[in-house]
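Asks: I am attaching a structure below and will ask some questions about it afterwards.
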Amino acid sequence: MKTYMPSAAAIERKWYVVDATDKTLGRLASEVAAVLRGKNKPIYTPNLDCGDYVIVINASKVKVSGKKLDQKVYHDHSDYVGGMKEETLRHRLENSPCEVIEGAVKGMLPKGPLGRQMYTKLHVYAGAEHNQAAQKPEVLEF
């Protein structure tokens, strides 16, 4: 009996919409990362990008538990002396909520060229409107 190994041309990709309203950030990110990798498919192959496209809407309405809104700090350095900038999760959710979900999902994808290719299939929007209506995405529930 031979093991079936799918080729890149044999992979069918679907489009999914996920509503982030009242979803916990980490749990949402891990489910989205699994769909982007293709782990929900029976033909999952670790060395191929066999995942689907995911659109996340209402990113500004995502929840976190505990005191993370004030205690979780994002660090950014400009590579100059004294160039460290810090920002809390509450501030980042107010100013750029898409970056919060994108960063959480990106951290759960593999590192390297394959992970970067998977990351390009993620589209995050702060509001309920998105630009991918022509792809006829299906609603994905977790």
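Read the figures in this text as sums done on the coordinates, not as results from a lab. Note that the structure is a prediction, hence the values are computed from the model and not measured. Positions of Cβ are backbone-derived with ideal geometry, glycine not excepted, and every protein chain shown enters the neighbour counts.
Asks: Can you spot a residue in the range 74-85 that is of a type in the set (A, V, I, L, M, F, W, C) and surrounded by 11 or more Cβ atoms within 10 Å (Cβ to Cβ)? Talk me through it step by step, then tell me what you get.
Replies: We begin by selecting, within the range 74-85, every residue of a type in the set (A, V, I, L, M, F, W, C); these are 81, 84.
Those left that are additionally surrounded by 11 or more Cβ atoms within 10 Å (Cβ to Cβ): none.
Checking the range 74-85: not a single residue is of a type in the set (A, V, I, L, M, F, W, C) and surrounded by 11 or more Cβ atoms within 10 Å (Cβ to Cβ).
Asks: Now for a separate question. Looking at 133, 104 in this structure, which one is touching a residue at least 12 places away in the same chain (Cβ under 8 Å) and at negative phi?
Replies: Details: 133 fails: touching a residue at least 12 places away in the same chain (Cβ under 8 Å).
Residue meeting the stated conditions: 104.
Asks: So which residues in the range 33-64 are hydroxyl-bearing (Ser, Thr, Tyr) and either surrounded by fewer than 10 Cβ atoms within 10 Å (Cβ to Cβ) or over 19 Å from the mean Cα position of the chain (by Cα) (or both)?
Replies: Listed by number, the list holds a single entry, 45.
Asks: Taking into account only those residues within the range 91-127 that are over 16 Å from the mean Cα position of the chain (by Cα) and surrounded by 14 or more Cβ atoms within 10 Å (Cβ to Cβ), which is nearest to residue 46 (Cα to Cα)?
Replies: Only one residue tops the list, namely 92.
Asks: Criterion first (buried (at least 18 other Cβ atoms within 10 Å of the Cβ) and within 19 Å of the chain's Cα centre (by Cα)) does residue 130 satisfy it?
Replies: On the way: buried (at least 18 other Cβ atoms within 10 Å of the Cβ): no; within 19 Å of the chain's Cα centre (by Cα): yes.
It is false that residue 130 is buried (at least 18 other Cβ atoms within 10 Å of the Cβ) and within 19 Å of the chain's Cα centre (by Cα).
Asks: With the requirement that a residue be crowded, with 18+ Cβ neighbours inside 10 Å and in contact with a Leu (Cβ under 8 Å, 6 or more places away or on another chain), what does the range 5-25 give you?
Replies: Within the range 5-25, 16, 17, 18, 20 meet the criteria.
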